[in-house]
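This is the structure I have questions about; it appears just below.
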Amino acid sequence: MSLVTLAPGAGHAIKSLLSERAAQGPLRVEMQFTGCCGPSLGLMVDTVRESDLVEELEGLTLVISPETYELVGEVTISCAGDAGRPEFVLTSTRPISEWEGFATCSIRM
């Protein structure tokens, strides 16, 4: 079972950003509720919780709660923006809103 897929360049961009900000810990795929367009997927540096599903990819530890995974399915993380300010696009096999993939997110630290 694959939880997360990293598009080409996404893993490198994430590692560079985390290193630049001296952030440590796993990266959580989470539901975010930020306005009128419904929920979206986001990323944040967090800890592993006992019930989390965990995947190691390209030297990164990615976690997602079973409830979020059941709702959205496999998540693909793509990199957008430039090297100086990377942002990420998260899409899933079971989209959670009609706007999925139209917005970018940064990593909450």
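Condition first: of a type in the set (D, E, K, R) and over 13 Å from Leu3 (Cβ atoms). Now tell me which residues in the range 68-85 satisfy that. Can you show your working first?
Looking only at the range 68-85, we keep the residues that are of a type in the set (D, E, K, R), and these are 70, 74, 82, 85.
Matches in the range 68-85: Asp82, Arg85.
Hey, can you tell me all the residues within the range 9-24 that are part of a helix (DSSP H, G or I) and either surrounded by 12 or more Cβ atoms within 10 Å (Cβ to Cβ) or under 15 Å from the mean Cα position of the chain (by Cα) (or both)? Walk me through how you get there before you give the answer.
First, pick out the residues of the range 9-24 that are part of a helix (DSSP H, G or I): 10-20.
Those that are part of a helix (DSSP H, G or I) and either surrounded by 12 or more Cβ atoms within 10 Å (Cβ to Cβ) or under 15 Å from the mean Cα position of the chain (by Cα) (or both): Ala10, Gly11, His12, Ala13, Ile14, Lys15, Ser16, Leu17, Leu18.
Cβ-Cβ under 7 Å, sequence separation 6+ or interchain: first residue in the range 26-39 and modelled with pLDDT of 70 or more, partner of a type in the set (Gly, Ala, Ser) and outside any strand (DSSP E or B). Which pairs?
Listed by first residue and then by second, the contacts come to Gly38/Ser97; Pro39/Ser97.
In the range 25-51, how many are outside any loop (DSSP other than H, G, I, E, B) and not acidic (Asp, Glu)? Break it down into steps so the answer makes sense when it comes.
Going residue by residue through the range 25-51, those that are outside any loop (DSSP other than H, G, I, E, B) are 27-33, 39-45.
Next cut, not acidic (Asp, Glu) only: 27-29, 31-33, 39-45.
Number satisfying all stated conditions: 13.
Here's another thing I want to ask about it. Out of Ser40, Ser51, report the one residue that is surrounded by fewer than 17 Cβ atoms within 10 Å (Cβ to Cβ), over 18 Å from Ser2 (Cβ atoms) and small (Gly, Ala, Ser). Even if it seems obvious, please write down each step before you answer.
Working: Ser40 fails: surrounded by fewer than 17 Cβ atoms within 10 Å (Cβ to Cβ).
Result: Ser51 is the single residue among Ser40, Ser51 that is surrounded by fewer than 17 Cβ atoms within 10 Å (Cβ to Cβ), over 18 Å from Ser2 (Cβ atoms) and small (Gly, Ala, Ser).
Pick from the range 54-71 the residues that are surrounded by fewer than 17 Cβ atoms within 10 Å (Cβ to Cβ) and in contact with a Lys or Arg (Cβ under 8 Å, 6 or more places away or on another chain): which of them is nearest to Arg94 (Cα to Cα)?
Only one residue tops the list, namely Leu71.
The values are calculated or read from the model by the stated rules, or taken from the named source; none is laboratory data. Note that the structure is predicted; figures quoted are calculated from it, not measured. For neighbour counting, all protein chains shown are included, and Cβ atoms are generated from backbone atoms with ideal geometry for every residue, glycine included.
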